[in-house]
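The values are calculated or read from the model by the stated rules, or taken from the named source; none is laboratory data. Computed from a prediction, not measured in an experiment: that's the story for all the values here. Neighbour counts are summed over all protein chains in view; Cβ atoms, including those assigned to glycine, are modelled from backbone coordinates with ideal geometry.
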Amino acid sequence: MTEDLDFRSPAEVATAPDALPPGVRRTALPVYDPRADLSHTMGALLAGGPAAQQQALGGGKGVRMMDAYYTWLVSDPAAGKAFGAAVRAVADGRGPVLYHCTQGKDRTGWMSAVLLTAAGVPRTTVDQDYLASNHYLQASDDHQLAQLRAAGKVKDPALLEPVLGVRQSYLDAAFDEVTAKYGSFDGYLGKGLGLDAATERKLRQRLTTA
């Protein structure tokens, strides 16, 4: 690994700084909304207890919140700038590149979807790769929910499932915003992420050549 691309907010980084081996460069590319940071929102809901969670997430509100978040990942100019820088780092990298957020499913999930789509991977395969996060995070999520229930901070775990996991509608919301705002995925790469044709060619070559 030669570079660590970190999508977390400054507050997230302060809570759990990366511990990297010598020679690995960390690049901060924060993707978060200072006015409505998802990580901060979830922390407040856990601190607020079951009543606050029911009010904010019940009745399908949790799913709608996540759909809106994925739309924001595409529409927000600062997010586009960060993802664009990350994609350029992958295209220009001379060795393996790591990218991550906190949970490894939303910001990281969208970045993976962008790279796979740019490489020409079929959408059905992109969807399958994205949804695999539910399998890999299941044990961790179950453990976290059990601890929260034991501490009395969560009464109905189902309220948190839309936030702890991923759903097809989330990725659909992001791709729908790509089409609505940029007309096509190529338009998103060029206008949304600021990539030129040479960088796009270099990226595809790096992702598809052994």
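Does ALA198 satisfy the condition of being at pLDDT below 95 and surrounded by fewer than 14 Cβ atoms within 10 Å (Cβ to Cβ)? Here the answer is no, as ALA198 does not meet what is asked. In the stretch 24-36, the residues that are within 11 Å of GLU12 (Cβ to Cβ) and touching a residue at least 40 places away in the same chain (Cβ under 8 Å) reach residues that are part of a loop (DSSP other than H, G, I, E, B) and of a type in the set (Ser, Thr, Tyr) with C-beta atoms within less than 9 angstrom, at least six apart or across chains, in these pairs: PRO30/SER9; VAL31/SER9.
A quick yes/no check of all residues on (1) more than 20 Å from the chain's Cα centre (by Cα); (2) acidic (Asp, Glu); (3) farther than 26 Å from GLN54 by Cα:
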site	(1), (2), (3)
LEU137	no, no, no
LYS153	yes, no, no
LEU160	no, no, no
GLU177	no, yes, yes
PHE185	no, no, yes
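Regarding the stretch 89-104, can at least one residue be identified that is farther than 25 Å from ASP37 by Cβ, without any contact (Cβ under 8 Å) to a residue 12 or more places away in the chain and surrounded by fewer than 18 Cβ atoms within 10 Å (Cβ to Cβ)? No, every residue in the stretch 89-104 fails to be farther than 25 Å from ASP37 by Cβ, without any contact (Cβ under 8 Å) to a residue 12 or more places away in the chain and surrounded by fewer than 18 Cβ atoms within 10 Å (Cβ to Cβ). Scanning the stretch 107-143 for residues that are within 18 Å of GLU200 (Cα to Cα), of a type outside the set (Val, Ile, Thr) and surrounded by 15 or more Cβ atoms within 10 Å (Cβ to Cβ) turns up TRP110, MET111, SER112, ALA113, LEU115, LEU116, ALA118.
Being outside any helix (DSSP H, G or I) and of a type in the set (Lys, Arg), is that true of even one residue in the stretch 102-119? If you could, list the steps in order and put the result at the bottom.
Taking the stretch 102-119 first, the residues outside any helix (DSSP H, G or I) are 102-106, 119.
From what is left, the residues that are of a type in the set (Lys, Arg) are 105.
Checked the stretch 102-119: at least one residue is outside any helix (DSSP H, G or I) and of a type in the set (Lys, Arg).
Out of ASP156, ASP129, one residue alone is among the charged types (D, E, K, R) and modelled with pLDDT of 95 or more. It is ASP129.
Residue under question is ALA82, and the condition is that it be surrounded by fewer than 16 Cβ atoms within 10 Å (Cβ to Cβ) and part of a helix (DSSP H, G or I); does it hold?
Working: surrounded by fewer than 16 Cβ atoms within 10 Å (Cβ to Cβ): no; part of a helix (DSSP H, G or I): yes.
So ALA82 fails the test.
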